[in-house]
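Here's the structure, in structure tokens; my notes come after.
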Amino acid sequence: MLFRSLDAGCFAESGMMVAAGAMSSFLTEPARFTHGLTITKQAIHAGGHTTIGDLTGTYFDTDDEWAALTAVLDTDDTPFRVQMIPMGTRAMGGDHSSALELVNQRAERSTEKLFYRKHVKLFTDGGFFAQAMQMRPPGFIDGHHGAWMFAPEQFEALARMYWNEGFQIHVHCTGDMGLQLAIEVLEQLQWERPRFDHRFTIEHFGLSNPEQVQKLAALGAIVSANVYYVHELGEKYWTESIGFERASQMARLGTLARHNVVTALHSDFTMAPAEPLVSAWVAVNRIGEQGAVLGPEERLSVHQALRAITIDAAYVLGMEDEIGSIRSGKKADFTVLETDPYDTPDVGLKDIKIWGTVFEGQPFPLKQACS
């Protein structure tokens, strides 16, 4: 648990979860919570999504929270579906088996548009924006240290349990030390009980080195990256956090592509706009807020970036046979753009207007906003 400044009321990581839990009755007050979900629903549609992955599942995990989610999102006028990927870390009395039991219980309440599959989310190190990621030497410029979200031995024990139960494991990793822990645990699990097509997924993928990418490829891991870090934080972290070399190589997507690691892009909304074309724009251009180009060798092509928000994103969710491309036998889901991204200058990708979406064959123009 990390408290950045207890006197100032600033909580980070597990400390924030404790604080949020204490405020749950206020945060999930029906009128407030429903209003927030309605705004989120509109933002998701405006971004052109037809399927999203929610890697919290449910944050407070109460009956009232689930009732609000289904009331707002499991409706005929919701033009997208949500794969709920629960946190696999909740346990009673430190008993890991109870965490597995809770994950399986959640899956029983699946609906058509809010559904669970055999996926689970775990954590290594702290968050990127909070500079709580665990860094290998030389660490942070100012000498501070990050934090483990869960002790390494706890992470390994949980990962082993879900691995042996056949789950696809999504691991929140932001620093290169957090990534190293995930790599080492995956390597150990593959030694103990080899699995094919396990799709062990690194989520966020902030800091890394080329050797770690090579290892991910060798172990069969995949990545879902938040490339927006490069745009919003790259220049600031260059001067005040981790130095030029590491800041310019955040979300090293080009290296992933050269090693044929399947890679998706996500927003981690609200950490970045819920706009896949914005993520694609950052991946293709790697332009910081002040205009610097950061790590040009890590850029993706337009085609690679578009795959990362369509078919490769579907692959990360285990849904590539159902969505992600237009083909006979798949769901009739797609986004309708007003300009062809292949005929648009690279710097203009984020400015392409979205007409709306087609969800399961039904058109949903943006001018008819979700109610």
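The values are calculated or read from the model by the stated rules, or taken from the named source; none is laboratory data. All figures in this text were calculated on a predicted structure; none of them were measured in a lab. No Cβ is skipped: glycine too gets one built from the backbone with ideal geometry, and neighbour counts run over all protein chains shown. Accessible surface areas use protein heavy atoms only, side chains included; no ligands, DNA or RNA. Shrake-Rupley method; radii C 1.70, N 1.55, O 1.52, S 1.80 Å.
Observations on the model:
- Amide H within-cut-off set for Tyr116, under 5 Å, with H built and near neighbours excluded: Met84, Ser110, Thr111
- Under the combined filter of DSSP loop state and at most 14 neighbouring Cβ atoms within 10 Å, region 267-371 retains these trypsin sites (Lys or Arg not before Pro): Arg327, Lys353, Lys367.
- Full-extension gain in nm, Ala71 to Glu297, via 0.36 nm per residue minus C-alpha separation: 76.8 nm
- If R0 equals 51 Å, the separation of the Cβ atoms of Leu219 and Ser328 corresponds to a calculated FRET efficiency of about 0.90.
- Each principal axis of the Cα cloud of region 307-371 was evaluated for its coordinate range; sorted largest first, these ranges are 31, 31, 21 Å.
- Placing R0 at 22 angstrom, the Cβ-Cβ distance between Thr62 and Ala157 gives a FRET efficiency of 0.25 after rounding to 0.05.
- For region 221-265, the pair-distance distribution built from all alpha carbon pairs, in bins 5 Å wide starting at 0, is 5, 24, 26, 19, 15, 8, 2 percent.
- Carbon plus sulfur fraction of accessible area for region 103-216, probe 1.4 Å, in percent: 51 percent
- Using θ = phi - 60° in the Karplus curve 6.51 cos²θ - 1.76 cosθ + 1.60, the 3J(HN,Hα) couplings for region 230-246 round to 4, 6, 7, 10, x, 5, 5, 6, 4, 8, 10, 10, 10, x, 5, 4, 6 Hz; x is entered for Gly and Pro.
- Taking the square roots of five times each eigenvalue of the Cα gyration tensor of region 274-350, the equivalent ellipsoid has semi-axes of 26, 14, 10 Å, listed largest first.
- Amide H contacts under 5 Å for Val336, placed H, 5+ residues apart: Trp355, Gly356, Thr357, Val358
- Protection proxy ranking of 103-109, 209-215 - average other beta-carbon atoms within 10 Å, highest first: 209-215, 103-109
- Pairs of alpha carbons in region 235-295 whose separation is greater than 17 Å (percent): 47 percent
- Across all C-alpha atoms in region 69-190, the radius of gyration and Dmax reach 16.8, 53 Å.
- Residue-normalised accessible area of region 61-204, given per residue in Å² at a 1.4 Å probe: 41 Å²
- Estimated distance in nm for a label pair at Arg136 and Arg258, the labels positioned 7 Å out from Cα along Cα-to-Cβ: 1.7 nm
- Apolar share of the accessible surface for region 33-76: 53 percent from carbon plus sulfur atoms, 1.4 Å probe.
- Rolling a 1.4 Å probe over the protein heavy atoms of region 238-371, with every protein chain left in place, gives an accessible area that is 52 percent carbon and sulfur.
- Mean shadow area of region 162-305 over all directions, Cα convex hull, nm²: 8.4 nm²
- Shape call, the chain: gyration tensor on alpha carbons, a/c limit 1.5: rounded
- Heavy-atom surface of region 287-338, accessible at 1.4 Å and reported per residue (Å²): 52 Å²
- DSSP finds beta bridges in the chain, and of those with both partners inside it, around 35 percent are antiparallel.
- Which of Leu186, Ala217, His198, positive extreme of dipole for region 173-232 (C-beta unit charges): His198
- Potential extension, Arg109-His35 segment - 0.36 nm per residue separation minus Cα distance: 24.4 nm
- Computed from backbone phi, the HN-Hα couplings of region 30-36 come to x, 5, 5, 5, 5, 4, x Hz, rounded to whole numbers (Karplus: 6.51 cos²θ - 1.76 cosθ + 1.60, θ = phi - 60°; Gly and Pro given as x).
- For Met87, residues with placed amide H under 5 Å, excluding near neighbours: Thr58, Lys121
- Derived scalar couplings ³J(HN,Hα) [region 146-154; Karplus, 6.51 cos²θ - 1.76 cosθ + 1.60; whole Hz; x for Gly, Pro]: x, 9, 7, 5, 9, 4, x, 5, 5
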